[in-house]
There are 4 protein chains.
Amino acid sequence: MRGTVFHGPHDVRVERVADPEIKSPTDAIVRITRAAICGSDLHAYHGAMPAEPGFVLGHEGVGVIEEVGPGVTRLKKGQRVVVSGLVACGGCFYCRRGQPSQCSESGGAVFGYGKNAARNLGWLGGEQSEGIAVPMADYTCYPLPEGIDDEAAVFLADILPTSYFGALNGNIRPGDTVAIFGCGPVGLCAILSAGLFGPAEIIAVDTVPYRLELARKLGANPVDAAKAQDVILNRTNGRGADVTIEAVGNEGALNGAIMAARGGGTVSVIGVFMGPTFEFPIGLAFARDLTFRIGLANINAHIPELARCIERGAIDPRPLISHVLPLDDAAHGYDIFNARKDNVVKVLLKP
Amino acid sequence: MRGTVFHGPHDVRVERVADPEIKSPTDAIVRITRAAICGSDLHAYHGAMPAEPGFVLGHEGVGVIEEVGPGVTRLKKGQRVVVSGLVACGGCFYCRRGQPSQCSESGGAVFGYGKNAARNLGWLGGEQSEGIAVPMADYTCYPLPEGIDDEAAVFLADILPTSYFGALNGNIRPGDTVAIFGCGPVGLCAILSAGLFGPAEIIAVDTVPYRLELARKLGANPVDAAKAQDVILNRTNGRGADVTIEAVGNEGALNGAIMAARGGGTVSVIGVFMGPTFEFPIGLAFARDLTFRIGLANINAHIPELARCIERGAIDPRPLISHVLPLDDAAHGYDIFNARKDNVVKVLLKP
Amino acid sequence: MRGTVFHGPHDVRVERVADPEIKSPTDAIVRITRAAICGSDLHAYHGAMPAEPGFVLGHEGVGVIEEVGPGVTRLKKGQRVVVSGLVACGGCFYCRRGQPSQCSESGGAVFGYGKNAARNLGWLGGEQSEGIAVPMADYTCYPLPEGIDDEAAVFLADILPTSYFGALNGNIRPGDTVAIFGCGPVGLCAILSAGLFGPAEIIAVDTVPYRLELARKLGANPVDAAKAQDVILNRTNGRGADVTIEAVGNEGALNGAIMAARGGGTVSVIGVFMGPTFEFPIGLAFARDLTFRIGLANINAHIPELARCIERGAIDPRPLISHVLPLDDAAHGYDIFNARKDNVVKVLLKP
Amino acid sequence: MRGTVFHGPHDVRVERVADPEIKSPTDAIVRITRAAICGSDLHAYHGAMPAEPGFVLGHEGVGVIEEVGPGVTRLKKGQRVVVSGLVACGGCFYCRRGQPSQCSESGGAVFGYGKNAARNLGWLGGEQSEGIAVPMADYTCYPLPEGIDDEAAVFLADILPTSYFGALNGNIRPGDTVAIFGCGPVGLCAILSAGLFGPAEIIAVDTVPYRLELARKLGANPVDAAKAQDVILNRTNGRGADVTIEAVGNEGALNGAIMAARGGGTVSVIGVFMGPTFEFPIGLAFARDLTFRIGLANINAHIPELARCIERGAIDPRPLISHVLPLDDAAHGYDIFNARKDNVVKVLLKP
């Protein structure tokens, strides 16, 4: 079959790779019908995250079950499923507590980084391909109802649950003001997710006009980053936002999110930081009683409720799709996504 | 001043009554600018709730502070406020726990029933009048920001917090299916309130076409009561609704709400029942693990977040207003509301 | 092998029954090392719950894995486990939400009632026997650490999680006063469970002196039922208990629990009611803002945290054990438990 | 009257100061009967926190109401009260949300630092004195029931609610393992507070044997800091603690608390840090999904439930009292507390 192989920074090629195989009784083979490129795929593409070449990329995909191992009890051949980017068992200490990102069986393995993020599993494929072997398939795949098409469903594999995790971590309550720093794909998804918790207002901060315009269409109040602190104070009687969500992954945005949170508020981080440490303003955080939350999202735990929301129209992530390309054009997809060409937001791939 | 006086069943007259006076240091006098008739005002009007004639009706109103007692610390003359239907101190055991309906100082007193519901307070006016003396004014009045007009604000006095209390009691989670039994004013408000908790779908049940049509406009899926159980099962893979809200106050609707809840679901009651007991299906509730919640809403505790939602446009109750009448036409307002004439939904009075 | 067979009211016999067999890939065979008689076993024994004779009794047991089907992924031969009385899959809509009592795969099946409570499973054994076939074994069995002996562990199969479920449903908060109506085994376990939520005081109500004395030893304030309402009011400044737990299963106790709850409080029912309906005081519940919760406990969801509490000594249910009998004496165990002879509390059986 | 005046680092003198006066209608005068020295008093004493000399120290005290202003509605002359270290109005945006540390009326003012921490209030006395003027007295004083003696009650003024706030922020659930870094007075109080949330085990970390011994008496498992990481891993199957509480206020202890938390766990800080920033391990926190919480405790919001716990014996802080000195010996109290002489834990002062 064909897959999108990482050969090094700025060098991604669609080529023939080994067919997926069932190696453990709880594996399933999924034929991919739609995949997506995620902002975190760019960390390897940039070279910011060192990665040994030769693996298939992609941790967001939707497809059809082709084959199941004898230990798979909840899936059948022919079923449409979303394949979570995160592999988890569903039954360990962590999974039982709703924290599959810490799954002790998979170690919190993620598809699409080869051995890099395969944790306990030794080898993992990527979803930007024609097919994939899915370990712990009963909990890693989620069956899709008819009411969700493939292009909406692919958002369930990572980006939408990640943004939802960020919103949950923010502990948003009805009537709150939420400020989201960053209107890339995950920040835009955070507008949808935060909206599920009844905020009075969502303020979306970025510097790129077409992304702010899309934020506006999704229901947020778009604000240029240069004016963000002032606007947030003005809209909250001088208090600051009840909840701020960092959706970029850089220190400037995170400091902005911390400064913009009101006393007693929460700062929730969904941007991925490359550095090991951050100079945390602990004196300020103490005086202002801040809660600070960060983490790898518990994707699989949140797919069911988000799938229901999409199925019934409560949220619709499809306006974020700027490009749907054939799988063979994956390299072009990486190029425009990385360079922010063509008003790119979310790039889907069609095997 | 003039007020709407209850003279007996089906006999309500606007006439001269005593001017409100400050009797306790924590009282304030509010000049009413807009009031509303509530479904629970009809209980006395029908004769279903026995009431000694001679009191001023009304527990939903908005106005301007005219005078404050020396113990009022948070209000000033000239300030626009909503006057909660529920009088509460804000500082007792119950108020501190967010349960002012059980306030030990006021006893959970409610305006607009004369001595009937005045509990510990001995005497209470009504808000369908030109003015009212408000006990425990610091917590019973809530200052209004400019962004909320009087006609939206009057919903904050009771009906919107009551519906919100019902939604909160339902413990709605994102992705849930919520079924609301009854599309009178409080049921329609419950559509707005339930929407703050991220449901995948709200199913609104009634038998009156124009009310179902309004439910649809507010974002619900309207269903005729005769088909409700089937539709709810169909929309939930045969499980039943995660949360049902009874917003009528009769046994048929409550049994419907209980039958329609899925195993492990919650039934939340906001309709006001006149009888002392209800034949609760305890065997069914045990087998299906039901949570059943009912109570006088903790209005004052929830005004702040709802005010923010209205101020920022997250919810707008004004589509429910079918009539705005001069105060002097209050008797006509009662008549059409009681008889469901003229596609009546919510009747406002303008002193 | 030998098992405790129900032959009719007051007729229970230990006799040879068919050996357990693996019939589905996710089954396991467990050799029972300790079982217990539960209050709900008495419903059939009394004749209060009609039951077709011929099945093996028992839904509380601990043992060792003898054999696992090919679809069992988390258990191994030789492992010590508690066998939950409730069979559940661990992965359906309900199990994912922590509500295995409503499991759509098992239908909420319970061991020890033959076909009566076998729901979707067609046939189920009983744990008062030498061995049992456990369906959906990965989620129905829970591996035991060394720090928990068999006699403490058997409480994890039903009675302790059931009481914990009742305490959770009560939404107990630190500083609360909790009143438990009934000091039979499940009421006594509720003392242990409620204690995990930081109550200021637990008031335990019963009429039997030796049970009240045991309640006192477990840390509760024991009160004779005749004085309960007065004592509860006295101990709460006249308010009533924040949370009441009904642990008997009769109308008198339930009315007592409702009367004793303060305004805004919660009434949680863990007693099993035989009648289909209960005359619920809906007017009182409205005025006093009561939450009423009842249901079949989500046993499997709560075993992990309770096992940790026992392992580390935070709770110890063993003081409830009044008798440990050989399996062959099960009929005697039923007799004394039913007749409340010999200061019986909890009867264990040793195969 | 006499008060404990700060004259500079290591120079504290009990001397005559101005009598307290009612300056605002919501003030009350309290005659102090018992006060305490708090670890955070030492920040000025050390010179670590710059402070202009001349103010009366102390933010922990209990006493009797001597006089109330005309706007005080809930207190009477002669009533015994605890005086919260934190002054708050009880009714602003923040106080209504249970976050009085951010009170917009007082600005989160704290007694005992003169103008330093007086925020919006311009001047504030100290509780290590014969009497104090208490602003916003209705919410800053809490009436004491007879069942709580002065020496237990003084813990309610700050240290016990602060430790409780830390335990609440930890989001401890029944069955959790909690590791507390630091067994000074606030760490020891955290043992009591954490115990209200049903942990399976509390591991208390320090280096001072007599403090570890006291931790053991309060129910914790005491561990020397050098062995803490190993012991915590051993006691949690290699996972780490579900919740860690930092109760020292230094980087070493905080890094220890972060390292010792399991994936998906929470790190709650109650130690007071003097530096403005902390080098936060953001990469680790991301991979391990950590929640990090820090803040000035919402003291007044938590006094009621803790008072109930003390009144009914659920917790007893008095074993922490190592010294009760006459007020005139306050300087000696500061000296031994600062130097950790005489197995000092908590020093009380008796005016």
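The values are calculated or read from the model by the stated rules, or taken from the named source; none is laboratory data. In this text the structure is predicted, and so the values were computed from the model without any measurement. We place every Cβ from the backbone using ideal geometry, glycine too, and count neighbours over all the protein chains shown. Note: accessible area is taken over every heavy atom of the protein model, side chains too, but ligands, DNA and RNA are not part of it. Shrake-Rupley method; radii C 1.70, N 1.55, O 1.52, S 1.80 Å.
See the values below:
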{"item": "Tally, over the stretch D:171-185, of residues that are part of a helix (DSSP H, G or I) and open to solvent by less than 10 Å² (accessible area, probe 1.4 Å)", "result": "0"}
{"item": "Some residue of the stretch A:19-33 being under 21 Å from A:Arg119 (Cα atoms), in contact with an Asp or Glu (Cβ under 6 Å, 6 or more places away or on another chain) and not in a loop (DSSP other than H, G, I, E, B)", "result": "yes"}
{"item": "Residue within the stretch A:261-271 that is surrounded by fewer than 23 Cβ atoms within 10 Å (Cβ to Cβ) and in contact with a strand residue (DSSP E or B) (Cβ under 9 Å, 6 or more places away or on another chain) present", "result": "no"}
{"item": "Complete set of residues in the stretch D:293-325 that are more than 22 Å from A:Phe286 (Cβ to Cβ), surrounded by 19 or more Cβ atoms within 10 Å (Cβ to Cβ) and under 15 Å from the mean Cα position of the chain (by Cα)", "result": "D:Ala307, D:Pro317, D:Leu320"}
{"item": "Any hit, the stretch D:151-165, residues being open to solvent by 30 Å² or more (accessible area, probe 1.4 Å) and more than 14 Å from chain C (Cβ to nearest Cβ)", "result": "yes"}
{"item": "Cβ-Cβ under 8 Å pairs, at least 6 apart or on other chains, the stretch D:70-90 side without any contact (Cβ under 8 Å) to a residue 60 or more places away in the chain and more than 20 Å from D:Gly114 (Cα to Cα), far side assigned to a strand (DSSP E or B) and open to solvent by less than 20 Å² (accessible area, probe 1.4 Å)", "result": "D:Lys76/D:Ile65; D:Lys77/D:Ile65; D:Gly78/D:Ile65"}
{"item": "Residue within the stretch A:274-292 that is within 16 Å of the chain's Cα centre (by Cα), touching a residue at least 24 places away in the same chain (Cβ under 8 Å) and open to solvent by less than 40 Å² (accessible area, probe 1.4 Å) present", "result": "no"}
{"item": "Breaking point among (1) surrounded by fewer than 23 Cβ atoms within 10 Å (Cβ to Cβ); (2) under 19 Å from the mean Cα position of the chain (by Cα); (3) outside any helix (DSSP H, G or I), for A:Leu168", "result": "(3)"}
{"item": "Residue match in the stretch D:24-43 (condition: without any contact (Cβ under 8 Å) to a residue 12 or more places away in the chain, open to solvent by 30 Å² or more (accessible area, probe 1.4 Å) and not polar (S, T, N, Q))", "result": "no"}
{"item": "Index of the failed condition, D:Glu146 passing every other in (1) part of a loop (DSSP other than H, G, I, E, B); (2) farther than 17 Å from D:Val267 by Cα; (3) out of contact with any helix residue (DSSP H, G or I) (no Cβ under 8 Å at 6 or more places or on another chain); (4) modelled with pLDDT of 95 or more", "result": "(4)"}
{"item": "Residue in the stretch D:188-197 that is in contact with an Asp or Glu (Cβ under 7 Å, 6 or more places away or on another chain) and assigned to a helix (DSSP H, G or I) present", "result": "no"}
{"item": "Helices (runs of 4 or more DSSP H) completely within the stretch B:226-322 that count 1 or more residues being at pLDDT below 95 and facing another protein chain (nearest Cβ under 8 Å)", "result": "B:282-287"}
{"item": "Any chance A:Val14 is farther than 25 Å from A:Cys89 by Cβ and either assigned by TED's automatic domain parsing to the domain that holds A:Tyr139 or aromatic (Phe, Trp, Tyr) (or both)", "result": "yes"}
{"item": "Among residues of the stretch A:125-143, those that are part of a helix (DSSP H, G or I) and of a type outside the set (D, E, K, R), counted", "result": "3"}
{"item": "Residue match in the stretch D:198-207 (condition: surrounded by fewer than 23 Cβ atoms within 10 Å (Cβ to Cβ) and more than 14 Å from chain C (Cβ to nearest Cβ))", "result": "yes"}
{"item": "Qualifying positions in the stretch B:93-124 - open to solvent by 10 Å² or more (accessible area, probe 1.4 Å), within 14 Å of another protein chain (Cβ to nearest Cβ), farther than 20 Å from B:Gly39 by Cβ and assigned to a loop (DSSP other than H, G, I, E, B)", "result": "B:Arg97, B:Gly98, B:Gln99, B:Ser104, B:Glu105, B:Gly107"}
{"item": "Enumeration of residues in the stretch A:304-351 that are closer than 22 Å to A:Thr4 by Cα and small (Gly, Ala, Ser)", "result": "A:Ser322, A:Ala330, A:Ala331, A:Gly333, A:Ala339"}
{"item": "Residue satisfying all of: in the stretch B:82-92; in contact with a Ser or Thr (Cβ under 9 Å, 6 or more places away or on another chain) and closer than 18 Å to B:Pro145 by Cβ; farthest from the other protein chains (Cβ to nearest Cβ) among these", "result": "B:Val83"}
{"item": "The stretch B:207-242: number of residues that are touching a Ser or Thr at 6+ places or on another chain (Cβ under 7 Å) and closer than 19 Å to A:Gly147 by Cβ", "result": "4"}
{"item": "Top-ranked residue in the stretch D:214-238 [being touching a helix residue (DSSP H, G or I) at 6+ places or on another chain (Cβ under 8 Å) and open to solvent by less than 40 Å² (accessible area, probe 1.4 Å); ranked as farthest from D:Val345 (Cα to Cα)]", "result": "D:Ile232"}
{"item": "Members of the stretch D:1-20 that are buried (at least 19 other Cβ atoms within 10 Å of the Cβ) and more than 12 Å from D:Ile32 (Cβ to Cβ)", "result": "D:Val5, D:Phe6, D:Val12, D:Val14, D:Val17"}
